[in-house]
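All remarks here apply to the structure that follows.
Each value in this text was obtained by applying a stated rule to the coordinates, not by laboratory testing. Small disclaimer: the values here were computed from a predicted structure and weren't measured. Neighbour counts run over all protein chains shown; Cβ positions are idealised from the backbone, glycine included.
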Amino acid sequence: MENKVNSTVKKESLYIACSVVILSMLMEAVFLIIGKWTISVLWGNLLGGLTAVLNFFLMGLTVQRAVGKDEREAATLMKFSQTYRFMLQLAVGLVGTLFSVFNVIALVIPLFFPRIAIMLRPYVGIKYDGAEIENSDEQQT
Amino acid sequence: MLELAIGIILGGCALGAGCAMIAGIGPGIGEGNAVAKACEAIGRQPESRSAVTTTMLMGCAVAETTGLYALVIAILLIFVAPGRFVDILLSAIS
């Protein structure tokens with residue numbers, strides 16, 4: 001049983017976290033430019049961004065755990081994990097909607113930032129170097 | 001009569017939100033299948049474990065966005081749409 005976080009998961013989570021921070025700053029700038037910025041936008045952005053990164057990291061941990069298992073077990077584990085993470089996002093969405101401290105739009109948009117980060121990945125210049133990752137894994141183990 | 005109309009609006013919104021959440025099932029099944037196939041691939045070629053894990057992570061993150069769309073639509077239908085529809089109804093009556 002692996003307790004350590006895989007280097008691939010760490011690397012990807014870091015990339016997603018950095019992308020979420022950059023895109024969040026861009027979103028804040030847009031809110032400022034259109035004159036809709038309030039402190040609730042910042043709180044909403046923080047909660048949404050944190051949830052997006054946490055969701056990706058938890059998914060990475062599940063994938064890491066599922067990889068070493070049987071096919072059926074892995075599929076079941078992933079389905080359960082997705083359900084729990086979906087419920088987490090639902091809870092965050094509800095909190096954002098019910099409490100006026102958070103701006104709903106600023107909370108929901110960061111949830112899509114990981115997808116945007118993945119879409120932009122080929123243009124950023126980061127390549128999937130399998131050999132490099134394998135070597136780093138070997139060094140870790 | 002007005003109460004009935006408001007009730008229909010609220011009921012319709014709740015029903016729509018429930019239907020939208022059905023889309024949340026799809027990513028779970030898709031991710032499960034993707035991970036199962038990845039496990040199979042790693043079993044065949046253990047040396048490609050890291051590369052497969054990276055690609056799978058990205059694929060799962062993309063697949064999950066579909067569920068997020070459903071979530072956003074459901075939240076909008078529950079918390080935003082009823083108020084707007086009732087306002088439209090009241091302004092139409094007045």
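Worth pointing out:
- Subset of region A:38-55 (residues that are under 10 Å from A:Val104 (Cα atoms) and either of a type in the set (Val, Ile, Thr) or not in a helix (DSSP H, G or I) (or both)): A:Val41
- If you go through region B:19-33 and pick out every residue that is surrounded by 16 or more Cβ atoms within 10 Å (Cβ to Cβ) and of a type in the set (A, V, I, L, M), you end up with 3.
- Scope region A:5-37; condition outside any helix (DSSP H, G or I) and either within 20 Å of A:Gly93 (Cβ to Cβ) or more than 14 Å from chain B (Cβ to nearest Cβ) (or both); matching residues: A:Ile34, A:Gly35, A:Lys36, A:Trp37
- Scanning region A:56-71 for residues that are of a type outside the set (S, T, N, Q), in a helix (DSSP H, G or I) and without any contact (Cβ under 8 Å) to a residue 40 or more places away in the chain gives A:Leu58, A:Met59, A:Ala66, A:Val67, A:Glu71.
- Hits in region A:80-100 (condition: surrounded by fewer than 19 Cβ atoms within 10 Å (Cβ to Cβ) and not aromatic (Phe, Trp, Tyr)): A:Thr83, A:Met87, A:Leu88, A:Leu90, A:Ala91, A:Leu94, A:Val95, A:Thr97, A:Leu98, A:Ser100
- Just one of the listed residues (B:Leu57, B:Leu68) is of a type outside the set (Gly, Ala, Ser), surrounded by 21 or more Cβ atoms within 10 Å (Cβ to Cβ), facing chain A (nearest Cβ under 7 Å) and closer than 30 Å to B:Cys13 by Cα, and it is B:Leu68.
- For first residues located in region B:24-41 and facing chain A (nearest Cβ under 7 Å), partners that are outside any helix (DSSP H, G or I) and lie 6+ apart or on another chain with Cβ distances below 7 Å form the pairs B:Cys39/A:Lys69.
- Which numbered condition B:Gly16 fails, given (1) more than 20 Å from A:Asn55 (Cα to Cα); (2) buried (at least 20 other Cβ atoms within 10 Å of the Cβ): (2)
- The residues of region A:11-27 that are touching a residue at least 60 places away in the same chain (Cβ under 8 Å) and either of a type in the set (A, V, I, L, M) or closer than 11 Å to A:Pro110 by Cα (or both), listed by number, are A:Ile16, A:Ser19, A:Val20, A:Leu23, A:Ser24, A:Met27.
- Residue in region A:72-93 that is of a type in the set (Asp, Glu), outside any helix (DSSP H, G or I) and free of Cβ contacts under 8 Å to residues at least 24 places away in the same chain present: no
- The residues of region A:72-93 that are among the β-branched types (Val, Ile, Thr) and more than 8 Å from chain B (Cβ to nearest Cβ) amount to a single one, A:Val92.
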